[in-house]
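Working notes, beginning with the structure itself.
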Amino acid sequence: MVTTQERVGAEPDFALNPSGQFGVYVHVPFCASRCGYCDFNTYTPGELGGATPAGWLEALRSELALASQRLPGPTVDTVFVGGGTPSMLGGDGLAEVLDAVRSEFTLAPDAEVTTEANPESTSPGFFTRLRTAGYTRVSLGMQSVAPTVLRLLDRVHSPGRALDAAREAQDAGFEHVNLDLIYGSPGESDDDLHRSVDAAIGAGVDHLSAYALVVEDGTALARRVRRGEVAAPDEDVLARRYELLDTWLADAGFTWYEVSNWSKPGGECRHNLGYWNGGQWWGAGPGAHGFVGATRWWNVKHPNTYAALAEKRELPIADFEVLAPRDRHVEDVLLQIRLRSGLPTSLLDADEQARAESAVAAGLLVHDGHNLVLTDRGRLLADGVVRDLLAD
């Protein structure tokens, strides 16, 4: 690995693998306020030190231009604009982001183009503008319909706003709309989760993501847990909630295709499937990560530092590493085992295949053709399954 201090004047070797999916991820670092559980690279107005969305967009254009000079013209299969709160840019701002990508890369005719959005910063006109610009998919942060859960998570939207936003997106012509749920918050009941899942299903979306609450170090929630103000999530409760929501979603016609993601047929997020299946992508924006060939890199985090490097026409890379074959193998197993399509047994060596058979005997994996797929119980213990498979 090249350290950040050694990086000055150094760049990764962007040796693009010509096969497989290629995507572009754009990180928007702006948020109106910080949610207590969030540890993403985001900045509220008071933390920006003069950085502005206009300055960020100009720096983004510079980075994308440099990216296109270093890559041999890959066709972009997917674009994902995440954050932060991309919808704070408004419909016109997000249209400019997509135009910046298009100006440097060729998008496939059927490219999936997604943006995340906070329900409070959307409107019918916002979604109409996105569709006109070329976006094909929207992912909305819902979390819960229980007011107590939203308050604990420091979410500012009202319980019903995410559902209204999902319907507005569909009315504007979006076939693919995702709602994000978070389960296992202290004080949440099974009924709270059931009402949230029912409401999300009732909104007519074709994709749902559901994540167990994780208390990340350095967050406001972690400090509250440490002071004893709220209880830490209970692992047994998290497991039961996962089983419940999986049952409710299956009954409504949703199928899990990744441990934390369910969709109607054809509603899978192709960009995220690219990550899980070992695809390549350019990560643009402050703190964004990219992966090309065997090289992973990550950008400087603060928007001001990012803009300063862009102004000098330098790639804003903080650090990078070249994955050794063993590291790549570990990642392939870690990611593909989480997919409903499963992990090809051909990826495993003889010892790993023997350990996989032990997991089959224990009811954690099943054979599906030439692949190994997690059972319902195995999904609850996916991290442990991976550790056992890769044990030296």
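The values are calculated or read from the model by the stated rules, or taken from the named source; none is laboratory data. Nothing here was measured: the structure is a model prediction, and the numbers come from that model. Cβ coordinates were reconstructed from backbone atoms using ideal geometry, including for glycine residues, and neighbour counts include every protein chain displayed.
Hey, which of the helices (runs of 4 or more DSSP H) in segment 299-369, taking only ones fully inside, have at least 2 residues that are of a type outside the set (F, W, Y) and farther than 22 Å from A284 by Cα?
Values: elements: 303-311, 325-336, 350-361.
Of the helices (runs of 4 or more DSSP H) lying wholly inside segment 299-369, those with at least 2 residues that are of a type outside the set (F, W, Y) and farther than 22 Å from A284 by Cα span 325-336, 350-361.
From the list D198, D180, D171, exactly one residue is modelled with pLDDT of 95 or more, over 18 Å from F127 (Cβ atoms) and in the same structural domain as L153 (by TED's automatic domain parsing). Which is it?
Details: D180 fails: over 18 Å from F127 (Cβ atoms); D171 fails: over 18 Å from F127 (Cβ atoms).
Testing whether each residue is modelled with pLDDT of 95 or more, over 18 Å from F127 (Cβ atoms) and in the same structural domain as L153 (by TED's automatic domain parsing) leaves just D198.
G218: touching a helix residue (DSSP H, G or I) at 6+ places or on another chain (Cβ under 9 Å) and either more than 28 Å from T128 (Cβ to Cβ) or without any contact (Cβ under 8 Å) to a residue 60 or more places away in the chain (or both), yes or no?
Values: touching a helix residue (DSSP H, G or I) at 6+ places or on another chain (Cβ under 9 Å): no; either more than 28 Å from T128 (Cβ to Cβ) or without any contact (Cβ under 8 Å) to a residue 60 or more places away in the chain (or both): yes.
No; evaluated as a whole, the condition is false for this residue.
Step by step: first the residues of segment 13-24, then only those that are surrounded by 22 or more Cβ atoms within 10 Å (Cβ to Cβ) and either of a type outside the set (V, I, T) or outside the structural domain of A100 (by TED's automatic domain parsing) (or both), then the one that is nearest to S62 (Cα to Cα). Which residue is that? Show your work before the answer.
First, pick out the residues of segment 13-24 that are surrounded by 22 or more Cβ atoms within 10 Å (Cβ to Cβ): 22-24.
Retained after the next criterion (residues that are either of a type outside the set (V, I, T) or outside the structural domain of A100 (by TED's automatic domain parsing) (or both)): 22-23.
Details: F22: 20, G23: 18 Å.
If we take residues in segment 13-24 being surrounded by 22 or more Cβ atoms within 10 Å (Cβ to Cβ) and either of a type outside the set (V, I, T) or outside the structural domain of A100 (by TED's automatic domain parsing) (or both), then G23 is nearest to S62 (Cα to Cα).
Which ones in segment 152-168 are closer than 26 Å to E216 by Cα and modelled with pLDDT under 95? Step through it out loud before you land on a result.
If we filter segment 152-168 for residues that are closer than 26 Å to E216 by Cα, which is where we start, we get 152-159, 162.
Scanning segment 152-168 gives L152, L153, D154, R155, V156, H157, S158, P159.
In the set A310, A382, which member is within 29 Å of G83 (Cα to Cα) and at pLDDT 95 or above? It would help to see each step written out before you state the result.
Details: A310 fails: at pLDDT 95 or above.
The conditions single out A382.
Output the number of the condition that V149 fails; it satisfies all remaining conditions of (1) surrounded by fewer than 21 Cβ atoms within 10 Å (Cβ to Cβ); (2) part of a helix (DSSP H, G or I); (3) modelled with pLDDT under 95.
Going through the list (1) surrounded by fewer than 21 Cβ atoms within 10 Å (Cβ to Cβ); (2) part of a helix (DSSP H, G or I); (3) modelled with pLDDT under 95, V149 breaks only (1).
Restricting to segment 67-96, give me the number of residues that are out of contact with any Pro (no Cβ under 8 Å at 6 or more places or on another chain), under 14 Å from G285 (Cα atoms) and surrounded by 20 or more Cβ atoms within 10 Å (Cβ to Cβ).
Matching residues across segment 67-96 total 6.
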